[in-house]
1. Looking at (1) of a type outside the set (D, E, K, R); (2) out of contact with any Phe, Trp or Tyr (no Cβ under 6 Å at 6 or more places or on another chain); (3) modelled with pLDDT of 90 or more, which one does Ala40 not meet, given that it meets all the others?
2. Can you spot a residue in the range 57-67 that is surrounded by 10 or more Cβ atoms within 10 Å (Cβ to Cβ), modelled with pLDDT of 60 or more, touching a His at 6+ places or on another chain (Cβ under 7 Å) and not acidic (Asp, Glu)?
3. Any chance you could count how many residues in the range 63-121 are assigned to a helix (DSSP H, G or I) and under 30 Å from Pro53 (Cβ atoms)?
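The values are calculated or read from the model by the stated rules, or taken from the named source; none is laboratory data. Values in this document were obtained by computation on a predicted structure and should not be read as measured data. Virtual Cβ from ideal backbone geometry, glycine too; neighbours counted across all protein chains shown.
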Amino acid sequence: MADESAPAGTATETDPVEAPADEQPGTALAPAEGTAPALAETPLPMLPGEVRPHPTPQRYVMIAAILVAVTAAEIGLYYLQGDVADGLIIVFLLTFAVIKFGLVASWYMHLKTDRPIFRRFFVLGVVAAISLYLIVLTMLHVFSP
């Protein structure tokens with residue numbers, strides 16, 4: 001009697017569901033032989049103020065390795081103190097400081113992925129701080145002979 005209540009052509013709980021003839025159960029998702037599985041790259045979620053997605057963890061590790069190398073070069077300069085002119089060491093240290101500052105600010109402070117207005121405010125603050133510092137040093141007659 002249960003079969004009579006179901007309309008014709010519909011499956012009931014007791015009717016077996018047949019798989020297509022060319023497909024065996026359990027093999028529908030198996031990759032074809034000889035083909036590499038496609039890596040599905042899911043886009044990372046972006047926050048409201050971001051223009052680009054965040055870098056991958058490998059990129060962060062690469063930037064950290066660059067920062068370690070630059071720091072090692074700075075430490076190596078310390079051991080060249082008597083052999084290299086002091087002015088040249090100062091130029092190298094300032095260059096390394098600018099490189100490290102730029103990498104940390106752009107990658108780890110996410111200025112590279114945020115809207116350009118955030119980068120502009122950051123640069124404006126840095127320029128204002130340096131200008132104020134130079135003004136104070138001038139008022140203290142640090143640059144006068």
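1. (3)
2. No, because not a single residue in the range 57-67 is surrounded by 10 or more Cβ atoms within 10 Å (Cβ to Cβ), modelled with pLDDT of 60 or more, touching a His at 6+ places or on another chain (Cβ under 7 Å) and not acidic (Asp, Glu).
3. Residues flagged as assigned to a helix (DSSP H, G or I) and under 30 Å from Pro53 (Cβ atoms) within the range 63-121 amount to 28.
For every residue, the table says whether it meets (1) over 30 Å from Gly76 (Cβ atoms); (2) assigned by TED's automatic domain parsing to the domain that holds Val142; (3) surrounded by 11 or more Cβ atoms within 10 Å (Cβ to Cβ).
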site: Ile90; (1), (2), (3): no, no, yes
site: Leu93; (1), (2), (3): no, no, yes
site: Val98; (1), (2), (3): no, no, no
site: Ala105; (1), (2), (3): no, no, yes
site: Met109; (1), (2), (3): no, no, yes
site: Gly125; (1), (2), (3): yes, yes, no
site: Ala129; (1), (2), (3): no, yes, no
